Amino acid sequence: MRWSGLRLSVTLLTVIPLRDPVTEPSRPTAAAAMAWAPGVGLLLGVIAAAVLVVADHPLGAGPLTAAALAVAALALLTRGLHLDGLADLADGLGSGKPAPVALDIMRRSDIGPFGIVTLVLTLLIQVAALAQAETAGSGRGPAALIAAVVTGRLALTWACRRGVAAARREGLGALVAGTVRPVIPITLTLATVTAAVAAVAVFTTATGEPLGWTLPVAVVAGLAAAFVMQRRSVRRLGGITGDVLGALAEVATTVTLVVAAMGPRVLPRRAGPLPPEAVADAPSDNLRRHVDGTLPVQALEERRV
């Protein structure tokens, strides 16, 4: 049962087709799949963070382009299903129609104006926040991305806890709604926040530079935003659907990225002032570049010699 849940979780949340021999998964298997969701998110986050680091540093694409590539990689790894769910939910809730009509709108294959605007703004915010975190240095970009993706999938575990109904009698929502015992998301949340705090402490101790005090706060903020969205969706639609779950993942991911990007930037260290004799002998152009911070002390010393 446990490994069937893992296979189902990977199949539902990624492009990796780990098919289970059983044609129709049971609700216990669905419960295990949702419990595995944060673990699958960790895998996705590590892959996307690798894209971010490689694009920014060895390839020199810059923080903004690297952030865009990382977000695009994440969308490809998830088949864009969460983004599609976000757009569908925006259309359904934005219509202002009763629950049956709103659910019918969400079923449609096309995306309306509410969905398009929500989708574009969400992607822009994700890329901008990730680029800011990457620019801040000290590994904050990869850490923020991994934390955000894990938090987004942890929001799914919370949304499938017992007591949360399904909006329809069929579909993904009906399969997973109310299947997860509350102790599971509570335990996973404590583990995630603890891991974020530990990552900050270990990184700061090992490098002497802060990773970002906002990282554990960002996890809590992301889950809180997803909880508010879930409550709103359940009240309007009568329960959760597959689209609602996708939207919750994107909301939690986005808010986590934004909060994790906050905090002071780690500025590069500049060389100290030159001794008087070095200033006197240094060429005027080099002296100007040193004052501007574009020429290190060693270069001036070499020129003087």
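Values in this text are rule-based calculations from the coordinates and carry no lab data. Keep in mind it's a predicted model, so treat the numbers as computed, not measured. As a convention, Cβ positions derive from the backbone with ideal geometry for all residues, glycine included, and neighbour counts pool all protein chains shown.
A few remarks follow.
- Applied to region 213-220, the Karplus parametrisation 6.51 cos²θ - 1.76 cosθ + 1.60 on θ = phi - 60° returns per-residue 3J(HN,Hα) values of 5, 7, 4, x, 5, 5, 4, 5 Hz, with x for Gly and Pro.
- Long-range HN-HN contacts of residue 180 with modeled amide H, under 5 Å: 161, 162
- Protection proxy ranking for 33-43, 180-190, 246-256, 119-129, using the average of other Cβ atoms within 10 Å per residue and placing the highest first: 246-256, 33-43, 119-129, 180-190.
- Table column - 3J(HN,Hα) (Hz), region 231-241, Karplus curve with 6.51, -1.76, 1.60, x for Gly and Pro: 4, 5, 5, 5, 5, 7, 9, x, x, 9, 10
- Amide H contacts of residue 166 (H built 1.01 Å from N, in plane; Pro and chain starts excluded): 240 sit under 5 Å, all sequence-distant by 5 or more or on other chains.
- Relative contact order %, region 115-273, counting alpha carbon pairs below 8 Å whose residues are six or more apart: 36
- Taking amide H atoms as placed 1.01 Å from N in the peptide plane, the amide H of residue 18 lies under 5 Å from those of 11, each 5 or more residues away in sequence or on another chain.
- Ordering of 199-207, 221-229, 73-81, 141-149 by packing [mean C-beta count within 10 Å, highest first]: 141-149, 221-229, 73-81, 199-207
- Highest to lowest packing among 94-100, 134-140, 66-72, scored as the average C-beta count within 10 Å: 66-72, 134-140, 94-100
- Inter-part distance, region 85-130 to region 233-255, computed on C-alpha centroids, equals 11 Å.
- Under the Karplus curve 6.51 cos²θ - 1.76 cosθ + 1.60, θ = phi - 60°, whole-Hz ³J(HN,Hα) for region 170-177, x wherever Gly or Pro sits: 9, x, 5, x, 5, 6, 9, 4
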